[in-house]
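> Would you mind keeping the following structure in view while I ask a few things?
The values are calculated or read from the model by the stated rules, or taken from the named source; none is laboratory data. These numbers come from a predicted model, not from an experiment. Because the Cβ atoms are built from the backbone with ideal geometry, glycine has one as well, and the counts that use them run over all protein chains shown. To get the accessible areas, we keep the full protein, side chains included, count just its heavy atoms, and leave off ligands, DNA and RNA. Shrake-Rupley method; radii C 1.70, N 1.55, O 1.52, S 1.80 Å.
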Amino acid sequence: MLNEVLDAFQPVTLNVYLDCTLGAGGHAAKIASAHPEMQMLLGIDLDPTAHVVAEPRIRAEAAGRSARLDVRLLRGNYRDLKRLLATVSTPSPRPNGILMDLGISSMQIDTADRGFSFMRDGPLDMRMDPTAALSAEEVLNTWSEAELGRIIRDFGEEKLWKVVARRIVQAREVAPIRTTQQLVKAVGQTQLVGKSPRKASAKGIHPATRTFQALRIAVNDELQKLEKTLPDAIDALAPGGRLAVISFHSLEDRIVKHAFMRAAGRPTPEEENLVYGQDNALETEANARARSAKLRILQKLPDKL
Ligand SMILES: C[S@@+](CC[C@H](N)C(=O)[O-])C[C@H]1O[C@@H](n2cnc3c(N)ncnc32)[C@H](O)[C@@H]1O
């Protein structure tokens, strides 16, 4: 998705760039390198390990430039984007480009102790912000069967949500579920397989995939935060600026699509693939790389046309 993101920002004079999901700083460093005109790079992440990895990478990029690049890496939630921007300068900087690369980073998924992966044994944590109060362990062991069923259905889009919620409750009645592998065991072989073996293997997802996704979204309150942030990000953009959002599942993508359509003054789903130029924003869509990754780009029209 890196090339598509670079293409999205290519036509923009990116004096100020805001990365709302800094992660390891891969996108931020490459975007800075493609935009020698960049004067300020702002990076937000709620996970302090992101800053540790991203900072040297971005500083190295900045050091190789002829003009000064003001780098500000901010620890916080993108939900508080407006407040975070206000801490940088008065008036707040107006980014010409904003990127949101949603979901978890490979650093997070690869660290067993963070509990995001059903492939690695670790404590059921799943907090992107290690100072947050709610962990996956608490959700699994204290929420009611109905609440668990709701998140597994709504955030995991798991057809067998009732079965999975029941199994979790049965397992925790024997002993609290504390590790990723205990959860994998509790979920068991719950995946629906297609009628033809080819179809089933093409789907090929691990039976616990959807449950892990549901828990992660619930623990980090991801969808509500995204919904709240998008209008603020559009508002913060400088005229003519672009907002690019990479999403990894249909729940996120639906929120992005609707927020962009609302901003474009066209809230009807039937018109979703049109390009709008008459209201205050313009939406385009690019298809993506991986199984379900999508990139959506919104451009704020210049003040005067
Ligand atoms: C997919 S990774 C980004 C990877 C990054 N684009 C790169 O090139 O390395 C998503 C990052 O967003 C962060 N994140 C997720 N939700 C966030 C939120 N609400 N506020 C701030 N950061 C968030 C995660 O901690 C993670 O580091």
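> With a 1.4 Å probe and all protein chains kept in place, how much accessible area does S105 have, in Å² rounded to the nearest 10?
S105 has an accessible surface of roughly 30 Å² with all protein chains in place.
> Using a simple charge model, +1 on the beta-carbon of Lys and Arg, -1 on the beta-carbon of Asp and Glu, nothing else, what dipole does region 115-220 show about its Cα centre, in debye to the nearest 20?
680
> Quick one: how many Å² of S66 are accessible to a 1.4 Å probe, rounded to 10?
Result for S66: roughly 130 Å² accessible.
> Same structure, new question: Largest first, how would D110, D7 line up by accessible area (1.4 Å probe)?
Details: D110 85, D7 105 Å².
The residues order as D7, D110, largest area first.
> How large is the charge dipole for region 1-128, taken about the Cα centre, if only the Cβ atoms of Lys, Arg (+1) and Asp, Glu (-1) carry charge, to the nearest 20 debye?
Values: 14 positive and 15 negative charges, 90 e Å.
For region 1-128, the charge dipole is close to 440 debye.
> Which of A165, M100, L74 sits closest to the plus end of the dipole of the chain, meaning its Cα is farthest towards the positive end, when Lys and Arg get +1 and Asp and Glu get -1 on the C-beta?
Final value for the positive-end residue is A165.
> How big is the dipole moment of the chain about its Cα centre under a simple scheme where the beta carbon of each Lys and Arg is +1, that of each Asp and Glu is -1, and everything else is neutral? Debye, nearest 20, please. Write out the running numbers ahead of the final one.
On the way: 42 positive and 38 negative charges, 140 e Å.
Here the chain has a charge dipole of around 680 debye.
> Would you mind counting up the charge near D45? Only other residues with Cβ under 10 Å from its Cβ, with Lys and Arg at +1 and Asp and Glu at -1.
Values: positive: R75; negative: D19, D47, D129.
Every neighbour counted, the sum reads -2.
> Return an integer: the convex hull volume of the alpha-carbon atoms of the chain, in Å³ per residue. If you can, show how the numbers build up before the last one.
Details: hull volume 43.4 nm³, N = 305.
It comes to 142 Å³ per residue, whole-number rounded.
> Given a 1.4 Å probe and heavy atoms of the protein chains only, how would you sort M126, M40, M119, M107, largest accessible area at the top? If you can, show how the numbers build up before the last one.
Details: M126 0, M40 30, M119 145, M107 55 Å².
Largest accessible area first, the list is M119, M107, M40, M126.
> With Cβ to Cβ distances under 12 Å as the rule, what net charge do the other residues near V88 carry (K, R +1; D, E -1)?
Details: positive: R72, K82, R83, R94; negative: D70.
With Lys, Arg at +1 and Asp, Glu at -1, the net is +3.
> Per DSSP H run of n ≥ 4, the term is -39500 (n - 2.57); total these for the chain, divide by its residue number, and report the mean residue ellipticity at 222 nm rounded to 500 deg cm²/dmol. Let's see the in-between values first.
Working: 13 runs with 131 residues, N = 305.
Here the helix-only value at 222 nm equals -12500 deg cm²/dmol.
> In whole percent, what relative contact order does the chain give with Cα contacts below 8 Å and a gap of six or more residues?
Working: 530 pairs, mean separation 52.4, N = 305.
With pairs under 8 Å counted, the relative contact order is 17 percent.
> Now for a different question. As a test, work out the antiparallel percent of DSSP beta bridges whose residues both lie in the chain, rounded to the nearest 5. It would help to have the intermediate numbers written out before the result.
Details: 13 of 31 bridges.
Looking only at bridges with both residues in the chain, the antiparallel portion is about 40 percent.
> Probe of 1.4 angstrom, ligands and nucleic acids ignored: what's the accessible area per residue over region 115-220, in square angstrom? It would help to have the intermediate numbers written out before the result.
Values: 5620 Å² over 106 residues.
Ligands and nucleic acids excluded, the result is 53 Å² per residue.
> Can you tell me the orientation of helix 222-236 relative to the chain, as the angle in degrees between its alpha-carbon axis and the longest Cα principal axis, to the nearest 10?
Its long axis makes an angle of about 10 degrees.
> Among A60, M38, L223, whose Cα projects farthest towards the positive end of the dipole of the chain, with charges put on the beta-carbon of Lys, Arg (+1) and Asp, Glu (-1)?
L223
> Multiply the residue separation of R72 and V163 by 0.36 nm, subtract the distance between their alpha-carbon atoms, and state the gained length in nm to one decimal. Spell out each step's value before the answer.
Details: separation 91, 0.36 × 91 = 32.76 nm, distance 4.71 nm.
My answer for the length gained is 28.1 nm.
> Could I ask something else about it? Whenever you get a sec, compute what percent of the accessible area on the chain sits on carbon and sulfur atoms (1.4 Å probe).
Numbers: 7640 of 14790 Å².
Of the solvent-accessible surface of the chain, carbon and sulfur hold 52 percent.
> When the scattering of region 1-55 is computed by the Debye formula from its Cα atoms alone, each counted once and equally, what is log10 I(q)/I(0) at q = 0.15, 0.21, 0.27 Å⁻¹?
Each listed q maps to, in turn, -0.39, -0.74, -1.10.
> Taking the Cβ-Cβ separation of S106 and E173 as r and a Förster radius of 45 Å, what is the calculated FRET efficiency to the nearest 0.05?
According to the calculation, E is roughly 0.80.
> Length gain on complete extension for the stretch E37 to Q189, per 0.36 nm per residue less the alpha carbon to alpha carbon distance?
Working: separation 152, 0.36 × 152 = 54.72 nm, distance 5.35 nm.
So the extension gain works out to 49.4 nm.
> In this model, which of K185/K294; K159/K228; K162/K294; K185/K225; K82/K300; K228/K300 are farther than 25 Å apart at the alpha-carbon? Walk me through the numbers on the way to the answer.
Values: K185/K294 32 Å; K159/K228 28 Å; K162/K294 29 Å; K185/K225 31 Å; K82/K300 17 Å; K228/K300 18 Å.
The answer is K185/K294; K159/K228; K162/K294; K185/K225.
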